[in-house]
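Only the coordinates and a few stated rules stand behind these numbers; no lab work does. Computed from a predicted structure; not experimentally measured. Backbone-built Cβ (ideal geometry, glycine too); neighbour counts: all protein chains shown.
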Amino acid sequence: MRAVVLLFLVAAASAEVYDRCELARTLQAAGMDGYWGVGLADWICLAKWESSYNTDAIDHDSDGSTDFGIFQINSRWWCNDGHSRTANACGISCSELLSPNLSVAIQCAKRVVRDPNGISAWVAWRVHCQVQDLSSYVAGCGV
Ligand SMILES: *[C@@H]1O[C@H](CO)[C@@H](O)[C@H](O)[C@H]1NC(C)=O
């Protein structure tokens with residue numbers, strides 16, 4: 001019985017980390033491929049380097065703000081974390097960005113990319129994805 005419970009907990013916890021192709025299919029179904037000119041492989045590369053596809057990812061920045069979820073969206077501009085100054089342009093609680101259901105995170109990422117900086121808002125995209133061959137990020141996914 002204890003082993004069964006443990007297995008269940010491990011399965012539930014690891015479900016927070018997306019498989020590369022599972023993420024590609026989820027983002028494609030949500031209209032991310034080509035959204036505001038950003039290709040699907042760019043989104044997958046960004047998520048890989050920002051969070052390792054982990055919806056639970058939380059990182060604290062030196063300015064007191066915090067990055068949340070698979071796209072590491074920041075509390076200073078995009079969401080309300082309840083204790084730091086925010087523009088909350090996505091109109092959400094930051095904790096909603098940690099859900100295994102990506103629908104809120106996807107809507108907010110779309111909001112971020114519509115800003116003048118576009119996808120350059122993500123440092124990891126500039127460092128690891130910009131001007132790179134990104135075909136391996138969607139290879140074998142049938143997308
Ligand atoms: C994810 O959340 C959205 C919005 O609440 C909902 O419409 C959708 O059915 C959910 N998807 C899954 C797979 O549960």
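For the reader, a short list of remarks on this structure follows.
- Zone of Lys110's modelled label, taken as backbone nitrogen in the range 54-94 under 18 Å from a point 7 Å along Cα→Cβ: 70-73, 78-79, 89-93
- Cut-off under 5 Å, modelled amide H: who pairs with Asn80 long-range: Ile92, Ser93, Cys94
- Based on Cα contacts under 8 Å between residues 6+ apart, the chain shows a relative contact order of 24 percent.
- Val131 versus Ser95: modelled label distance in nm, points set 7 Å from Cα along the beta carbon direction: 4.3 nm
- Charge dipole magnitude, Cβ of K and R +1, D and E -1 - the range 20-137, Cα centre, debye nearest 20: 260 debye
- Sites Trp49 and Arg85 - FRET efficiency at Förster radius 41 Å, r taken between beta-carbons, to 0.05: 0.90
- For the chain: rounded, prolate or oblate by the Cα gyration tensor [a/c cutoff 1.5]: oblate
- Additional length obtainable on full extension of the chain from Asn117 to Asp19, 0.36 nm per residue less Cα span: 32.5 nm
- Remark: the range 55-68, residue by residue, has Karplus-estimated 3J(HN,Hα) of 6, 8, 5, 9, 9, 8, 9, 5, 7, x, 8, 9, 9, 10 Hz, where x stands for each Gly or Pro and the curve is 6.51 cos²θ - 1.76 cosθ + 1.60 at θ = phi - 60°.
- Highest-fluctuation residue, Asp133, Asp63, Asp81 considered, GNM on the chain with Cα pairs under 10 Å: Asp63
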